[in-house]
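Worksheet: one structure, shown below.
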Amino acid sequence: MVGRRKSGRVTVRNMRKDVTQPSPAELRGVFGANLRQLGDKASSISALCRDLGINRTQFNRYLAGESFPRPDVLHRICRFFNVDARILLEPVDQIEDNRQGLLHHPYIADFIGGGLERHIPEDEFPSGFYRFTRAAFTDADRYIVGLVKISRRDNLTVLRGYEPKEALAMLDLPTDPTTREFRGVAMPQAEGFALLVSRRDSLTTSFNYLSRISAIGKFYWVGYTLRTTPENPTGRRAARLIYEYLGRDTHQILATARMAGYVHEDALSPFHRRQLRVGEPFA
């Protein structure tokens, strides 16, 4: 037997017990609150909508608890925030993510998991935006200039950025933001930091090593990057790498974003050219 209370909650009665079910409006409210919490780190709602590929008006309806997303849109949201469909029904803070235990498996916890849990102080690797430069893997005559953001999430030092559109177009891959996005995590080493960086679903992965160098007035980290790909006589698998800290300097951040992608040597700053040791093979 089904009845309805004045509160709007639906009560399902059977011979042994009453079970109070949340109303549709309450469930939509849970999803809206979860979406608001998951997106509170975004620079703006408009930017988040672009990254998700969701119309701003429709996204606002989700936030207001007025509607649920279609299954394909829900799948896109879950992949973007690395959650599952329980965000429709349960507060996100109460959802246990079993995947968090992956790197804490007893077999490797003391080898890899412990490194992830070691806090990296802000003064050693500060949060904010960085300009990075490296030799292109697939073009012997050009370089990649890009923008990444370092931030802190649950005591982890994490990274986020986007592949150049041209790099994916050369491989006949989609160039939308979701496909181009990469994320990573930093682990402190005896000297410097290691960063494990992957595109969504680990389609490609790279290992980066960086150590800080002395410079007047700016902060730089230099090292190298290795990509996971078979040996190819016409392409690189390793290249020197430099990170330049931009912090939250809007002018430099926008200037870097505008020039991001493939560039020739003459577009590099003199300091970046010296650190990359242009013309000297990577050993």
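The values are calculated or read from the model by the stated rules, or taken from the named source; none is laboratory data. Quick caveat: nothing in here was measured; it's all calculated off a predicted structure. All Cβ positions, even for glycine, are placed from backbone atoms using ideal geometry, and neighbour counts span all protein chains on display.
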**Message:** Among the residues that make up the range 109-122, is at least one of them modelled with pLDDT of 85 or more and either in contact with a helix residue (DSSP H, G or I) (Cβ under 7 Å, 6 or more places away or on another chain) or loosely packed, with under 15 Cβ neighbours inside 10 Å (or both)?
**Reply:** yes
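Each row is one residue, and each column tells you yes or no for (1) in the same structural domain as Leu147 (by TED's automatic domain parsing); (2) surrounded by 13 or more Cβ atoms within 10 Å (Cβ to Cβ); (3) closer than 17 Å to Arg142 by Cβ.
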| site | (1), (2), (3) |
| --- | --- |
| Ile216 | yes, no, no |
| Tyr220 | yes, yes, no |
| Thr228 | yes, no, no |
| Pro233 | yes, no, no |
| Arg248 | yes, no, no |
| Gln252 | yes, yes, no |
| Val263 | yes, yes, yes |
**Request:** Being over 18 Å from Ala260 (Cα atoms) and either in the same structural domain as Phe129 (by TED's automatic domain parsing) or surrounded by 14 or more Cβ atoms within 10 Å (Cβ to Cβ) (or both) narrows it down to one of Leu173, Leu168, Leu147, so name that one.
**Result:** Leu173
**Request:** Just give me the residues in the range 124-142 being assigned to a loop (DSSP other than H, G, I, E, B) and among the polar types (S, T, N, Q), in sequence order.
**Result:** Ser127, Thr138
**Item:** Number of the condition not met by Arg240 [criteria: (1) more than 25 Å from Phe282 (Cα to Cα); (2) surrounded by 15 or more Cβ atoms within 10 Å (Cβ to Cβ)]
**Value:** (1)
**Complete:** When every residue in the range 235-268 that is in contact (Cβ under 8 Å) with a residue 12 or more places away in the chain and of a type in the set (Ser, Thr, Tyr) is compared, the one nearest to Pro126 (Cα to Cα) is Tyr245
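Out of curiosity, is Asp176 acidic (Asp, Glu) and in contact (Cβ under 8 Å) with a residue 40 or more places away in the chain?
yes
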**Asked** If Thr205 passes every condition in (1) β-branched (Val, Ile, Thr); (2) more than 22 Å from Ala47 (Cα to Cα); (3) more than 14 Å from the chain's Cα centre (by Cα); (4) assigned by TED's automatic domain parsing to the domain that holds Arg258 but one, which one does it miss?
**Response** (3)
**Asked** Quick one: is Arg240 in the same structural domain as Asp123 (by TED's automatic domain parsing), of a type in the set (Lys, Arg) and modelled with pLDDT of 95 or more?
**Response** yes
**Request:** Kindly list, by first and then second residue, each pair from a residue in the range 56-83 that is farther than 14 Å from Gly39 by Cα to a residue that is charged (D, E, K, R), limited to pairs with Cβ atoms under 8 Å and residues at least 6 apart or on different chains.
**Result:** Gly65/Arg28; Glu66/Arg28; Ser67/Arg28; Ser67/Arg61; Phe68/Arg28
